[in-house]
Amino acid sequence: MEHIGFMRTALSLAKKGMGFVSPNPMVGAVIVKDGRIIGSGWHMKYGELHAERNAFAQCDLQNTDCTGADLYVTLEPCCHYGKTPPCTEAIIEHGIKRVFIGSPDPNPLVAGNGVRILREHGIEVTEGILREECDALNRIFFHYITTGLPYVTMKYAMTLDGKIACYTGESKWITGAEARNDVHVQRLRHSGIMVGVGTVLSDDPMLNCRLENGRDPIRIICDSALRTPLHSNIVTTARDIPTIIATISSDSARIHEYESYGCRIIKTSEENGRVDLRELMTVLGREKIDSILLEGGAEMNWSALKAGIVSSVLSYISPKLFGGAEAKSPIGGEGTPYPDNAFMLETSGITRLGEDFLIESRVKNVYGNS
């Protein structure tokens with residue numbers, strides 16, 4: 001049980017890096033000697049020290065001897081030079097006796113080599129401590145490092161009868177304060193947030209993160225014909241919040257107008273008269289955007305599903321009934337012709353948020369997965 005407890009502490013530390021370490025993984029580490037924690041740390045910011053080195057720095061600052069101690073770390077220690085030196089070197093130098101690991105690192109630069117190096121230096125390594133929880137923490141990183149594509153999470157709020165708005169188009173608010181606050185946690189968790197131009201035209205959203213000490217995601221607007229108004233919140237705040245407009249338009253004058261406000265334009269190939277979402281994901285992945293929260297409307301959701309870019313779904317469900325044959329549901333488009341053609345989901349969790357519920361699901365057979 002003590003191993004579980006120490007790893008849970010490391011997991012709690014790792015979560016503190018959410019929103020600030022991507023495209024790196026969230027990692028936490030604790031150093032234990034004689035049954036007590038003598039040092040702890042987490043990966044705080046991309047490009048800065050990893051969790052293990054932060055834990056050792058705490059011990060060094062207090063002149064605490066780590067010789068013979070145990071190290072609990074949520075992810076296999078790195079063994080290569082990147083923006084920081086290998087953590088395996090620090091573990092060896094500090095005389096750690098045993099290392100307990102949560103998840104293996106699928107990064108080809110690590111992928112078992114971290115464990116191998118530690119064992120070659122006489123350090124006892126135990127893998128798989130709370131692996132399921134450690135894996136869940138870094139699902140985005142694992143997807144991105146193995147595919148090079150952003151992990152796309154489709155998010156929507158709906159009533160118990162499956163409506164995302166009344167027949168009048170009114171939708172504020174379907175869910176309560178707790179569920180809406182959780183959406184901002186998700187905005188912090190993901191590197192980018194994406195909507196279609198229809199959402200911009202109907203809601204004029206900011207698409208920012210309103211958590212204290214939070215970080216705004218990169219805003220991505222799919223606007224095939226460049227209809228986003230220049231006076232919209234998205235455009236007028238583009239110098240404050242990084243904003244990308246994806247289009248198939250070749251209107252250079254219109255493009256220049258957006259760029260003059262600080263927007264960045266990405267032009268993709270045409271797919272059925274619209275932005276090629278697969279191509280867009282490839283471009284965004286190359287730019288180290290490892291994850292996207294999709295907050296588009298029904299048509300955008302269908303396009304993303306049909307393109308095969310959606311990795312998971314967050315369904316916020318409110319105990320309300322709107323009714324209305326013309327009231328929209330979360331997924332628009334033509335839909336699937338037969339039940340056997342349905343997009344299959346695997347539910348990974350159900351959470352109560354005030355009077356509402358959040359159902360988290362993973363999409364099977366996602367484009368780009370091996």
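Can you say whether I37 is in contact (Cβ under 8 Å) with a residue 24 or more places away in the chain, open to solvent by 50 Å² or more (accessible area, probe 1.4 Å), in a strand (DSSP E or B) and among the aliphatic types (A, V, I, L, M), as far as the supplied structure shows?
So I37 fits the description; yes.
Tell me which residues, restricted to region 3-28, are over 18 Å from D105 (Cα atoms), of a type in the set (G, A, S) and more than 11 Å from the chain's Cα centre (by Cα).
Those that are over 18 Å from D105 (Cα atoms), of a type in the set (G, A, S) and more than 11 Å from the chain's Cα centre (by Cα): G5, S12.
Got at least one residue in region 117-135 being among the aliphatic types (A, V, I, L, M), surrounded by 22 or more Cβ atoms within 10 Å (Cβ to Cβ), in contact (Cβ under 8 Å) with a residue 40 or more places away in the chain and more than 22 Å from H3 (Cα to Cα)?
Checked against the condition, which is being among the aliphatic types (A, V, I, L, M), surrounded by 22 or more Cβ atoms within 10 Å (Cβ to Cβ), in contact (Cβ under 8 Å) with a residue 40 or more places away in the chain and more than 22 Å from H3 (Cα to Cα), region 117-135 yields no hits at all.
Can you find, within region 352-364, the residue that is surrounded by the fewest Cβ atoms within 10 Å (Cβ to Cβ) among those that are assigned to a strand (DSSP E or B) and more than 18 Å from the chain's Cα centre (by Cα)?
Out of the qualifying residues, it is R352.
Please list, ordered by first then second residue, the pairs with beta carbon atoms under 6 Å, 6 or more apart or interchain, first in region 335-347 and under 16 Å from I359 (Cβ atoms), second open to solvent by 80 Å² or more (accessible area, probe 1.4 Å) and not in a loop (DSSP other than H, G, I, E, B).
none
When the residues of region 245-255 are narrowed to those that are open to solvent by 10 Å² or more (accessible area, probe 1.4 Å) and not basic (K, R), which ends up farthest from L277 (Cα to Cα)?
The residue in question is A253.
Which numbered condition in (1) surrounded by 17 or more Cβ atoms within 10 Å (Cβ to Cβ); (2) within 21 Å of G122 (Cα to Cα); (3) modelled with pLDDT under 95 is the only one that S22 fails?
Here S22 meets the rest and fails (2).
Going through region 268-286 one residue at a time, which ones are over 22 Å from the mean Cα position of the chain (by Cα), outside any loop (DSSP other than H, G, I, E, B) and crowded, with 17+ Cβ neighbours inside 10 Å?
Result: E271, R274, V275.
If I go through region 287-328 residue by residue, how many of them are under 18 Å from the mean Cα position of the chain (by Cα), assigned to a strand (DSSP E or B) and of a type in the set (G, A, S)?
Total meeting the criteria: 4.
Condition test on S329, is it touching a Gly at 6+ places or on another chain (Cβ under 6 Å), within 19 Å of I164 (Cα to Cα) and of a type in the set (S, T, N, Q)?
Against the criterion (touching a Gly at 6+ places or on another chain (Cβ under 6 Å), within 19 Å of I164 (Cα to Cα) and of a type in the set (S, T, N, Q)), S329 qualifies.
Surrounded by fewer than 24 Cβ atoms within 10 Å (Cβ to Cβ), of a type in the set (K, R) and assigned to a strand (DSSP E or B) - does that describe any residue in region 44-52?
no
If A14 satisfies every condition in (1) free of Cβ contacts under 8 Å to residues at least 60 places away in the same chain; (2) open to solvent by less than 50 Å² (accessible area, probe 1.4 Å); (3) assigned to a helix (DSSP H, G or I) but one, which is the exception?
Tallying (1) free of Cβ contacts under 8 Å to residues at least 60 places away in the same chain; (2) open to solvent by less than 50 Å² (accessible area, probe 1.4 Å); (3) assigned to a helix (DSSP H, G or I), A14 fails exactly one: (1).
Does G68 fit the bill of being on the phi > 0 side of the Ramachandran plot and either modelled with pLDDT of 90 or more or open to solvent by 10 Å² or more (accessible area, probe 1.4 Å) (or both)?
Yes.
The values are calculated or read from the model by the stated rules, or taken from the named source; none is laboratory data. Since the model is a prediction, treat every value here as computed from it, not as a measurement. Quick reminder, even Gly has a Cβ in these numbers, built from the backbone with ideal geometry, and neighbours come from all protein chains shown. In case anyone asks, the SASA skips ligands and DNA or RNA and just uses the protein heavy atoms, side chains included. Shrake-Rupley method; radii C 1.70, N 1.55, O 1.52, S 1.80 Å.
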